[in-house]
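The values are calculated or read from the model by the stated rules, or taken from the named source; none is laboratory data. From a predicted model like this one, the values you see are computed outputs, not experimental measurements. For neighbour counting, all protein chains shown are included, and Cβ atoms are generated from backbone atoms with ideal geometry for every residue, glycine included.
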Amino acid sequence: MNIQTHEISLEKISSNDVFRFTSPGFSSELKESISCLGVINPIYLIHKRDEYQILAGFKRFNCAVTLGHETVPARIVESKESADFFPYLILEHCSYHTLNIIEKAKIIQIFDILGIDLRERNKNYLKIIDVPSRKIIKRMIKLLELPKKVQDYIETYDMSLKQTEIFQTFNTEENIYFVNLASELGIRSVELAKLMTLTEDISGKESVEINNIFNDLGVDAVLKNEKLSKSQKTREITQRLQNRRYSKLRTWNDQLDRLYKKMNTPDFMEVFWDTSLERPGVIVKIHITSVRSIETIGNYFSRENIKKIFKKMLDIV
């Protein structure tokens, strides 16, 4: 397929982005390059009546428009040939960029628009974009129904298809709330999924709205607390959700707190535990500053009442 390059007026190119599968915008590096050298690699256009539609090269086109260029080098693909040509453009793109799950879903959607039959045995189009089976196509396309803000989050953290399933549990408003929460706390997808799963469990168990759960737990107050770091806020919100989800967990932590207060530990010694109780055992942190500290520790741990308190704590954790 021999396609010649032409200089095409930007005014004749439609801004329709039906074939765009990458995120909009462009990098500062691309802008600097095009500002100095112009568009080196031609964009690909489909010729439709009196205008052209972009098939590939959206970032280069947008950058050229921003810089005030009048024309852009382009290779023209006839509409009837676009279905044959598009897979090759994807192969070229994949040679320097790994596709995320949202981009793959958009490409599958574009395949459908172009009338490309994914069931053709002699053309394994799914292999081009590293999709293992046609069985998961519906699940992937469903991702494109999620709010754009959620899709952006999925792309940012390059989530797997399985990791994105948690978003299908919540409605649009709730998903946006969770993504905003993740952004404010600066947490990654694994931590967010944990918060969402806890919330889902509480909502299902108690038949209560998601926003009511967070209102009851005072999450907004935690977020506004300037004395807490982002990681401390995350731990506090997680802890409140866990206490609500696992009512016994709060009871056990209260018992551990009461036992700890009875220990009367030396100033150079700290005793703590994993409040989620997922990690068994009690952690003892000791800061040794002198030989006398060692003697004090020996005497402290030899006391029968301290041994009994530790035993009770270990029975819980």
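Brief remarks on what is shown
- Subset tally (residues that are in contact with a strand residue (DSSP E or B) (Cβ under 8 Å, 6 or more places away or on another chain) and without any contact (Cβ under 8 Å) to a residue 40 or more places away in the chain) for segment 54-74: 4
- The listed residue being polar (S, T, N, Q) and touching a Lys or Arg at 6+ places or on another chain (Cβ under 8 Å), out of Asn41, Asn62: Asn41
- Residue within segment 57-67 that is modelled with pLDDT under 90 and of a type outside the set (Ser, Thr, Tyr) present: no
- Of all residues in segment 128-181, those that are among the β-branched types (Val, Ile, Thr) and farther than 23 Å from Ser203 by Cα total 8.
- Out of Val65, Val18, sole residue that is of a type in the set (Val, Ile, Thr), closer than 30 Å to Ile154 by Cβ, in the same structural domain as Ile102 (by TED's automatic domain parsing) and not in a helix (DSSP H, G or I): Val18
- Going through (1) more than 16 Å from Phe21 (Cα to Cα); (2) touching a helix residue (DSSP H, G or I) at 6+ places or on another chain (Cβ under 7 Å) one by one, Leu55 falls short only on (1).
- On inspection, Val77 does not qualify as of a type in the set (A, V, I, L, M), touching a residue at least 40 places away in the same chain (Cβ under 8 Å), under 25 Å from Glu155 (Cα atoms) and not in a helix (DSSP H, G or I).
- Checking each residue in segment 210-231 for being surrounded by fewer than 16 Cβ atoms within 10 Å (Cβ to Cβ) and either of a type in the set (A, V, I, L, M) or assigned to a loop (DSSP other than H, G, I, E, B) (or both) picks out Gly218, Ala221, Asn225, Glu226, Lys227, Leu228, Ser229.
- In this structure, Thr234 does not qualify as crowded, with 18+ Cβ neighbours inside 10 Å, polar (S, T, N, Q), assigned by TED's automatic domain parsing to the domain that holds Glu165 and under 22 Å from Asn171 (Cα atoms).
- Flag for Leu118 being within 26 Å of His6 (Cβ to Cβ) and among the hydrophobic types (A, V, I, L, M, F, W, C): no
- One residue alone among Glu70, Glu78, Glu92 is over 27 Å from Arg134 (Cβ atoms) and either among the basic types (Lys, Arg) or modelled with pLDDT under 90 (or both), and that residue is Glu78.
- Single residue of Leu99, Leu192, Leu118, Leu126 found to be touching a helix residue (DSSP H, G or I) at 6+ places or on another chain (Cβ under 6 Å) and over 28 Å from Ser229 (Cβ atoms): Leu118
- Residue match in segment 300-315 (condition: under 24 Å from the mean Cα position of the chain (by Cα) and free of Cβ contacts under 8 Å to residues at least 40 places away in the same chain): no
- Scope segment 182-209; condition outside any helix (DSSP H, G or I) and either within 17 Å of Thr164 (Cβ to Cβ) or not assigned by TED's automatic domain parsing to the domain that holds Thr234 (or both); matching residues: Ile187, Arg188
- Candidate set from segment 114-158 (those that are assigned to a helix (DSSP H, G or I) and of a type in the set (Asp, Glu)); member that is farthest from Ser95 (Cα to Cα): Glu145
- Of everything listed in (1) in contact with a helix residue (DSSP H, G or I) (Cβ under 7 Å, 6 or more places away or on another chain); (2) exposed (fewer than 14 other Cβ atoms within 10 Å of the Cβ), the single unmet condition for Val72 is (2).
- Residue that is surrounded by the most Cβ atoms within 10 Å (Cβ to Cβ) [pool: residues in segment 35-54 that are more than 36 Å from the chain's Cα centre (by Cα) and assigned to a strand (DSSP E or B)]: His47
- Scope segment 156-181; condition among the acidic types (Asp, Glu) and either exposed (fewer than 15 other Cβ atoms within 10 Å of the Cβ) or not assigned by TED's automatic domain parsing to the domain that holds Ser207 (or both); matching residues: Asp158, Glu165, Glu173
- The lone exception for Phe111 - which of (1) touching a Lys or Arg at 6+ places or on another chain (Cβ under 8 Å); (2) of a type in the set (A, V, I, L, M, F, W, C); (3) part of a helix (DSSP H, G or I); (4) under 15 Å from Phe21 (Cβ atoms) it fails: (1)
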